[in-house]
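Nothing in this text is a laboratory measurement; each read-out follows from the coordinates by a stated rule. As the structure is a computational prediction, the values presented were derived from the model and not from experiment. Methodologically, a virtual Cβ is constructed for each residue, glycine included, from the backbone with ideal geometry; neighbour enumeration extends over all protein chains shown.
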Amino acid sequence: MTNDSLKYLQDLWKDDLIGLFELEFARFLTRNYPETRKEALYCCLLAVHDQLNGNICTDISNIKESPLFEVFNLNNYRPDELISFLKKEEYVGIPGDYKPFVLNDNRLYLHKYWNFENELVEWLIEKIKVDADKLPAQLIDTDEFFGNTEDGDFQKVATVLALFKSFLVISGGPGTGKT
């Protein structure tokens, strides 16, 4: 990575196209990994930018959709070429590696957020497991609480599902009885 590339990133920061965090992250990576290829660094900065804007990762196969794609002059590269560049970098690992970035299939994560996502997935999988046979039979009789309805009371349906599932997502607009 050349000083010209860092100067270019400073200019992008001055023009308010990237934030100070992205600029400092680039400085950190170039200081610790001076042989980094700028295209790989730019992909990582896209991942940082995406994370700061609410996305947990950057899908390299759809990288052209990023507003910074052209700013970083990545339009001359195919996604598979960018992935190849990333795989050669010391600071990009695969799932299970402890490196600043994780490349999982075509998705590039900051390690911390890859870890968060996987912990959440494991928690959800554990919560989905339930033994309905251990449920007391008297809990299933919802007529006591809702009366006998014939036309599909969705609050009643949600209550029964909640009894059988250790994890349930209930959605709806205001006033639809989610609570």
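Relative contact order for the range 3-123: what percent, with Cα pairs under 8 Å and sequence separation of 6 or more?
Contact order relative to length: 21 percent.
Could you tell me which of the pairs LYS64/LYS87; LYS14/LYS87; LYS14/LYS99; LYS87/LYS112; LYS38/LYS64; LYS7/LYS99 are separated by over 23 angstrom between their Cα atoms in the structure shown?
In this structure, LYS14/LYS87; LYS14/LYS99; LYS7/LYS99 exceed 23 Å between Cα atoms.
Using the crude model of +1 on Lys and Arg Cβ and -1 on Asp and Glu Cβ, and no other charge, please compute the dipole size for the range 3-123 relative to its Cα centre, in debye to 20.
So the dipole magnitude of the range 3-123 works out to roughly 320 debye.
Any idea what log10 I(q)/I(0) is at q = 0.11, 0.15, 0.20, 0.23 Å⁻¹ for the range 3-123, Debye with uniform C-alpha scatterers and no solvent?
Taken in order of the listed q values, log10 I(q)/I(0) reads -0.33, -0.63, -1.14, -1.51.
Using r as the Cβ-Cβ distance of LYS127 and GLU81, and R0 as 41 Å, what FRET efficiency do you calculate, to the nearest 0.05?
E(calc), rounded to 0.05, equals 0.55.
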